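Input: a single structure, listed below in structure tokens.
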Amino acid sequence: MRSTLYLKFILIYIAFGFLSIFTVATLGSTLLATNLETKIGGELYKEANLMGKEYLPGFFTNTLSLNDTQVQLNGLTAYLHADVWITDRNGKLLLSSHSNPSTSSPAQITDFNPAEAGNEQYLIGNYHNYFSEEMITVIAPVTQGFYTKGYILIHKSYSDLTETKDSILNVIYITLLVIYILSFSILLGLHFFIYRPLRKITEAAKQYASGNLDHEIHINTDDEVGYLSASLNYMSNQLKDMNSYQKKFIANVSHDFRSPLTSIKGYVNAIADGTIPVEMYDKYLNIILFETERLTDLTQDLLTLNEFDTKELLLDKSSFDIHEIIRTTAISFEGRCTAKKISIELLFASKTIFVYADKRKIQQVLYNLLDNAVKFSNADSSIYVETTEHGGKVFVSVKDAGIGIPKKSINQIWERFYKTDLSRGKDKKGTGLGLAIVKEIINAHGESINVISTEGVGTEFIFSLSKK
Ligand code: ATP
Ligand code: MG
């Protein structure tokens, strides 16, 4: 990761530099040459035509002396830095002027063809081998009236054009170099804004994978990278929470399994080795039965909760009379209520109220709430189950006059395995899973449950359901 990404950036940077130079040297140079050719060729052609129309006819009609014409030509040669030839209609040289004194001109142009350039304004080459280097040549007629008297040929060295081209290219190369150096800042930007944070994130991912969830990524930028690292930090915190939750959960489960198993094992041992006399078997077998039931209940609760954890709970919703369910659930507590001299009062506004929910699961909610109410009620008290309707909802309240829930615990009672200090002494059977299950079921229905409680006075749970 380290070398590759870095190397890629640098290679791209170098390749970018080479390609830029290559492009200017090939495409840029060719375009520039064509452009200059057209421009210079066009200018020469214009000049030649001007001469051919304005000045040189005088030479052919003898109104302009040979000397004067020569002076004109010399001036033109100096101005254009080019050779100028004047010929008659057949290419016989009449007059010439050279920018370079060592060059000469032929007396007669062989194979003279004034239309040699065709559609173009100029020719490129060493013009019938009269020049040792490449020239740009333009040919224009010298006309008087409608007659062509002769021709003017201007030859300009192509190396002049190349010189101009090279000096322009040099300027481009220098600009390019400056741009190239400046574009190094992009590489720096990539380094600071992407590469370095990315390395931190990779390092963090490695740490998380190896189990170190305490590792924190220190990137506080307000961009995608910052957002990614914040998400990863959040993820590691969640994983950490889950880890500790799992540890706590397993510790609780093991603890709740171990105590009944220890007592069962103890009593069975005592029965087997004869410590417990036969006439006492009944009492101890009942204790063993009670403990076995505890284990069965616990297993059932864990399975129920697992169902909520592993999949989106599939609710088997139907329309049913909530009053009927409350009644049947309440009846199942009759035995315990009589023993504790507790009465369950049902306060229903109407005879029936139909709700739309998962019947079996709502029955479990009622069972768990009534179980708590009976368990934590004082003897000789009443439990009230009341239903009210409001805005398409049915509210079910289970209210007891029991030990109540201390203020500091009120938010924790929904946690798995949580039991208040008050209930710990009183109720050894509970595992603290009942309300966790209740909460999951009500949440799965998209409904809500609330608790109002005063320590030493009583507790009321109210949950809502959708009315049919
Ligand atoms: P389980 O329901 O698994 O047998 P539990 O009754 O102890 O065990 P929950 O029903 O989840 O567990 O309740 C959690 C805790 O909330 C109880 O241990 C108790 O401390 C407190 N609590 C719940 N209902 C009441 C109530 N009606 N009155 C007083 N305290 C309550
Ligand atoms: Mg309970």
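Values as computed for the structure displayed
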{"item": "Residue that is in contact with a Leu (Cβ under 8 Å, 6 or more places away or on another chain) and under 27 Å from residue 414 (Cα atoms), where the choices are 315, 346, 261, 303", "result": "261"}
{"item": "Any hit, the range 375-383, residues being in a strand (DSSP E or B), within 16 Å of ligand 2 (Cβ to nearest atom) and closer than 23 Å to residue 338 by Cβ", "result": "yes"}
{"item": "Test set (1) charged (D, E, K, R); (2) under 25 Å from residue 433 (Cβ atoms); (3) free of Cβ contacts under 8 Å to residues at least 24 places away in the same chain; (4) more than 14 Å from ligand 1 (Cβ to nearest atom) - residue 408 fails condition number", "result": "(4)"}
{"item": "Complete set of residues in the range 421-445 that are modelled with pLDDT of 80 or more and basic (Lys, Arg)", "result": "439"}
{"item": "Residue that is surrounded by the most Cβ atoms within 10 Å (Cβ to Cβ), among those in the range 428-468 that are in a loop (DSSP other than H, G, I, E, B) and within 6 Å of ligand 1 (Cβ to nearest atom)", "result": "433"}
{"item": "Every residue from the range 360-371 that is within 15 Å of ligand 2 (Cβ to nearest atom), within 49 Å of the chain's Cα centre (by Cα) and open to solvent by less than 60 Å² (accessible area, probe 1.4 Å)", "result": "364, 365, 366, 368, 369"}
{"item": "Matching residues in the range 131-150 - criterion: being of a type in the set (Ser, Thr, Tyr) and modelled with pLDDT under 95", "result": "132, 143, 147, 148"}
{"item": "Count of the range 384-416 residues which are touching a helix residue (DSSP H, G or I) at 6+ places or on another chain (Cβ under 7 Å), buried (at least 20 other Cβ atoms within 10 Å of the Cβ) and assigned to a strand (DSSP E or B)", "result": "6"}
{"item": "Residue among 266, 274 that is free of Cβ contacts under 8 Å to residues at least 40 places away in the same chain, more than 30 Å from residue 439 (Cβ to Cβ) and outside any helix (DSSP H, G or I)", "result": "274"}
{"item": "Residue match in the range 332-344 (condition: at pLDDT 90 or above, under 47 Å from the mean Cα position of the chain (by Cα), open to solvent by less than 40 Å² (accessible area, probe 1.4 Å) and more than 9 Å from ligand 1 (Cβ to nearest atom))", "result": "no"}
{"item": "Hits in the range 187-204 - residues which are open to solvent by less than 50 Å² (accessible area, probe 1.4 Å) and either at pLDDT 95 or above or not hydroxyl-bearing (Ser, Thr, Tyr) (or both)", "result": "187, 189, 190, 191, 197, 201, 204"}
{"item": "Out of 403, 437, sole residue that is among the hydrophobic types (A, V, I, L, M, F, W, C), over 26 Å from residue 315 (Cα atoms) and within 16 Å of ligand 2 (Cβ to nearest atom)", "result": "403"}
{"item": "Residue in the range 408-417 that is at pLDDT below 90 and of a type outside the set (A, V, I, L, M) present", "result": "yes"}
{"item": "The listed residue being farther than 25 Å from residue 301 by Cα, hydroxyl-bearing (Ser, Thr, Tyr) and surrounded by 13 or more Cβ atoms within 10 Å (Cβ to Cβ), out of 229, 263", "result": "229"}
{"item": "Close pairs (8 angstrom Cβ cut-off, 6 or more residues apart or separate chains): touching a residue at least 40 places away in the same chain (Cβ under 8 Å) and of a type in the set (Asp, Glu) in the range 348-370, open to solvent by less than 10 Å² (accessible area, probe 1.4 Å) and not in a loop (DSSP other than H, G, I, E, B) anywhere", "result": "358/441"}
{"item": "From the options 37, 43, residue that is free of Cβ contacts under 8 Å to residues at least 24 places away in the same chain and either part of a helix (DSSP H, G or I) or in contact with a strand residue (DSSP E or B) (Cβ under 7 Å, 6 or more places away or on another chain) (or both)", "result": "43"}
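Listed here are the residues, each with its yes/no results for (1) within 14 Å of ligand 2 (Cβ to nearest atom); (2) closer than 22 Å to residue 257 by Cβ; (3) acidic (Asp, Glu); (4) touching a Phe, Trp or Tyr at 6+ places or on another chain (Cβ under 9 Å).
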{"residue": "410", "(1), (2), (3), (4)": "no, no, no, no"}
{"residue": "416", "(1), (2), (3), (4)": "yes, yes, no, yes"}
{"residue": "432", "(1), (2), (3), (4)": "yes, yes, no, yes"}
{"residue": "446", "(1), (2), (3), (4)": "no, no, no, no"}
{"residue": "451", "(1), (2), (3), (4)": "yes, no, no, yes"}
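The values are calculated or read from the model by the stated rules, or taken from the named source; none is laboratory data. Predicted model, so just to flag it, every value in this text is computed and none were measured. Cβ: placed from backbone, ideal geometry, glycine included. Neighbour counts: every protein chain shown. Surface areas here come from the heavy atoms of the whole protein model, side chains and all, with no ligands, DNA or RNA. Shrake-Rupley method; radii C 1.70, N 1.55, O 1.52, S 1.80 Å.
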